[in-house]
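A.B. asks: The structure follows.
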Amino acid sequence: MNISSLAFEPTFFPATKSASPTCRRLVSGRHPALFVCCSANPAAAVSSSVSVPESAKKDGLKRIGELSQVSGVLGCQWGDEGKGKLVDILAPHFEIVARCQGGANAGHTIYNAEGNKFALHLIPSGILNENTTCVIGNGVVVHVPGFFEEIDRLEASGVSCKGRILVSDRAHLLFDFHQEVDGLREAELAKSFIGTTRRGIGPCYSSKVIRNGVRVGDLRHLDTLPQTMDLLLSDAASRFKDFNYTPEVLKEEVEKYKRYAERLEPFITDTVHFINEAISSNKKILVEGGQATMLDIDFGTYPFVTSSSPSAGGICTGLGIAPKVVGDLIGVVKAYTTRVGSGPFPTEILGKGGDLLRSAGHEFGTTTGRPRRCGWLDIVALKYCCQINGFSSLNLTKLDVLSELPEIQLGVSYQTPDGTPVKSFPADLSLLEQIKVEYETMPGWMCDISSIRDYSALPRAAQEYVSRIEQLVGIPVHYVGVGPGRDALLYK
């Protein structure tokens, strides 16, 4: 949707004064002061793609080539930042791309060289690079029917998967009944529901933690499968009165997985051994994070979080590798902020302004199709994520979505309702709900940048916005996204 084509009456707030590049405003995080004025004239469009100078291409490839043997791409917000695209672009420079946590609740949208769109959920985004081996590590929960559906879609689109995907024998199996339990749990929570994808991720990790889960390697022992599955299903039935469990249900589930076991066998691998052997052989490994740090079970806005560790620590536990081998980590962050589901969101833009940003950015979940909540870039949350993960650089995505805004705000600091500064991102949800955000306002560039292919060709205001983020966070932005295609990544 073209923002400049939508006209409506501007809304003014008492705390808002006429903006200048250096003006600051203090407003409630739940009702941030928001431009809702649009340009009277359509934004000037770039008529054709700006070609990338050879020097810029070489510099970008050199930087990618210098990434550590084990590198990672992790999310800096509440997910949906565009991690899959960067992984897809980096994959040709790595022999292995690995997932270490999460499950099919991850939604990574990528485009191949012909511009064809692929929506991946469980399989690593490196699959489009034909020379890449994709690993689903022990920290991932695997829904086998969904796994094969994804493979079948890829194969039907001409992407070969044979011999290219390895699934850890230590990974836990996510069953259809886990998804049913997910829905029952959300219904039980009523108004305080978490807002999960209802893909069964939480219940599967719960089974893992209380030690009655079923692992991928258990499918090699079909004689004991009925007993292990009975234990799992009986536990769910004892917990939820609406969960229908009968001997017929058990028999049907066991027979289904006996069939899956035969097809899954060629994929099952001791991935801990495989990954560590690859490291010893000096092969390059790229770790693809699912979800993001603000959804981390320990560091996110608990309980409105996922059930795994999408931050740097999850790499070691989810793949079985030593911390000392993990090198460069790239944090992926949108030029603004979004989140799906419930939970506090200090810089959220409410009303028509949020609707505009959602439409301009096509902010609807890859996995669920749910509309994402939208807001300004939260520097406090971003610094917190960088502190936890130790990023060496950032990938700023979807800068083009902001192209028609006359001014752009950055949430640079927090205060309590009584004006006391908050030094970091707080764990206290009641405080987060009341937090006041101090915004720094910067001028927009008011022109289409989606066809630009050289960072130096970006409008000055766009470059200043990127530079200001670097200054505030203290980490360089090496990659800037201005569109969904592979070629729409600028190297800075």
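The values are calculated or read from the model by the stated rules, or taken from the named source; none is laboratory data. Just so it is clear, the structure is predicted and the values come from calculations on it, not from any experiment. Here the Cβ positions follow ideal geometry from the backbone for every residue, glycine too, while neighbour counts run over all protein chains shown. Only protein heavy atoms, including side chains, enter the accessible area calculation; ligands, DNA and RNA are left aside. Shrake-Rupley method; radii C 1.70, N 1.55, O 1.52, S 1.80 Å.
A.B. asks: Would you please give the residues with an amide H less than 5 Å from that of GLU407, counting only those at least 5 places away or on a separate chain, with H modeled from the backbone geometry?
C.D. replies: Under 5 Å from the amide H of GLU407: GLY444.
A.B. asks: Something else about it: Identify the GluC sites (Glu not before Pro) of region 335-434 meeting these criteria: DSSP loop state and at most 16 other C-beta atoms within 10 Å of the C-beta.
C.D. replies: Filter output for region 335-434: empty list.
A.B. asks: Further question on the same structure: With the other protein chains left in place, how much accessible area per residue, in square angstrom, belongs to region 339-438 at a 1.4 angstrom probe?
C.D. replies: 34
A.B. asks: Give me the net charge for the shell around TYR245: Cβ to Cβ below 12 angstrom, other residues only, Lys and Arg +1, Asp and Glu -1.
C.D. replies: -4
A.B. asks: OK, next. Taking the mean number of other Cβ atoms within 10 Å as a proxy for protection, how do you rank 167-175, 323-331 from highest to lowest? Don't skip to the answer; put the middle values down first.
C.D. replies: Details: 167-175: 24.2, 323-331: 18.0.
Put in order of decreasing packing, that is 167-175, 323-331.
A.B. asks: How high is the relative contact order of region 339-408? Use alpha-carbon pairs under 8 Å, at least six apart in sequence, and give a whole percent.
C.D. replies: On the way: 47 pairs, mean separation 22.7, N = 70.
Reported relative contact order: 32 percent.
A.B. asks: Going highest first, how would you order 308-319, 457-468 by mean Cβ packing within 10 Å? Intermediate results must be reported in sequence, preceding the final value.
C.D. replies: Working: 308-319: 24.0, 457-468: 17.6.
Going from most to least packed, we get 308-319, 457-468.
A.B. asks: Check LEU166: other-chain or 5+ apart residues with amide H under 5 Å from its amide H, H built from backbone geometry?
C.D. replies: Those qualifying (amide H under 5 Å, at least 5 residues apart or on another chain) are CYS134, VAL135, ILE136.
A.B. asks: Helix 271-280 versus the longest principal axis of the chain: what angle, 0 to 90°, nearest 10, using Cα atoms?
C.D. replies: 60
A.B. asks: Report, to the nearest 10°, how far helix 176-189 tilts away from the longest principal axis of the Cα atoms in the chain, using its own Cα long axis and a range of 0 to 90°.
C.D. replies: Helix 176-189 and the main axis of the chain meet at about 50 degrees.
A.B. asks: Separate question: Give me a comma-separated list of calculated 3J(HN,Hα) values for region 79-87, in order, Karplus coefficients 6.51, -1.76, 1.60 applied at θ = phi - 60°, integers in Hz, x for any Gly or Pro.
C.D. replies: x, 6, 7, x, 4, x, 5, 5, 4
A.B. asks: If we sort 479-490, 133-144 on the protection proxy, mean other Cβ atoms within 10 Å, highest first, what's the order?
C.D. replies: With the highest mean Cβ count within 10 Å placed first, the list reads 133-144, 479-490.
A.B. asks: Here is a follow-up. Tally Lys/Arg at +1 and Asp/Glu at -1 over every other residue whose Cβ is under 14 Å from the Cβ of LYS398; what's the total?
C.D. replies: The answer is -1.
A.B. asks: Give the Kirkwood hydrodynamic radius (Å, one decimal) of region 309-350, defined as one over the mean of 1/r across all pairs of different Cα atoms. Spell out each step's value before the answer.
C.D. replies: Numbers: mean 1/r = 0.0754 Å⁻¹.
Averaging 1/r across every pair of different Cα atoms and inverting gives 13.3 Å.
A.B. asks: Now for a separate question. Could you check how much of the accessible area of region 51-195 is carbon and sulfur, as a whole percent, using a 1.4 Å probe?
C.D. replies: On region 51-195, the fraction of accessible area on carbon and sulfur atoms equals 49 percent.
A.B. asks: Per 0.36 nm of contour for each residue apart, how much would the distance between ASP270 and SER157 grow if the chain were fully extended, relative to their Cα-Cα spacing?
C.D. replies: Going from the current span to full extension adds 37.8 nm.
A.B. asks: When all C-alpha to C-alpha distances in region 197-355 are sorted into bins of 5 Å, what percent of pairs does each bin hold, rounded to whole numbers?
C.D. replies: Each 5 Å bin holds this share of Cα pairs: 1, 7, 12, 14, 15, 14, 14, 11, 7, 4, 1, 0.
A.B. asks: From the backbone phi of region 338-355, what are the Karplus-calculated ³J(HN,Hα) couplings (6.51 cos²θ - 1.76 cosθ + 1.60, θ = phi - 60°) in whole Hz, Gly and Pro given as x?
C.D. replies: Computed from phi, the couplings for region 338-355 are 9, 8, 10, x, 7, x, x, 8, x, 9, 4, 9, 8, x, 5, x, x, 4 Hz.
A.B. asks: Could you sort out which of LYS62/LYS492; LYS58/LYS284; LYS117/LYS383; LYS57/LYS324 sit more than 22 Å apart by Cα distance in this structure?
C.D. replies: LYS117/LYS383; LYS57/LYS324
A.B. asks: Enumerate the calculated ³J(HN,Hα) couplings along region 370-385 in order (Karplus 6.51 cos²θ - 1.76 cosθ + 1.60, θ = phi - 60°), each rounded to whole Hz, writing x wherever the residue is Gly or Pro.
C.D. replies: 5, x, 8, 6, 10, x, 6, 5, 9, 5, 4, 5, 5, 4, 4, 5
A.B. asks: Still on this model: Scan around VAL477 for amide H atoms under 5 Å from its own, H built in the peptide plane at 1.01 Å from N, and keep only partners 5 or more places away or cross-chain.
C.D. replies: LEU394
A.B. asks: Dimensions of the chain along principal axes (Cα, Å, largest first)?
C.D. replies: 73, 54, 41
A.B. asks: Continuing with this model, one more query. Quick check: the angle from helix 54-65's long axis to the longest principal axis of the chain, C-alpha only, nearest 10 degrees?
C.D. replies: Around 40 degrees separate the two axes.
A.B. asks: Could I ask something else about it? So, in nm, how far is label THR416 from label ASN282 when the simple model puts each one 7 Å beyond its Cα toward the Cβ?
C.D. replies: 5.6
A.B. asks: Would you tally the net charge around GLY444, using a Cβ to Cβ cut-off of less than 9 Å, leaving GLY444 out, and scoring K and R as +1, D and E as -1?
C.D. replies: Charge balance in the 9 Å sphere: -2.
A.B. asks: Report the FRET efficiency, 1/(1 + (r/R0)^6), for GLU248 and ARG460, where r is their Cβ-Cβ distance and R0 is 60 Å, rounded to 0.05.
C.D. replies: For R0 = 60 Å, the calculated efficiency reads 0.30.
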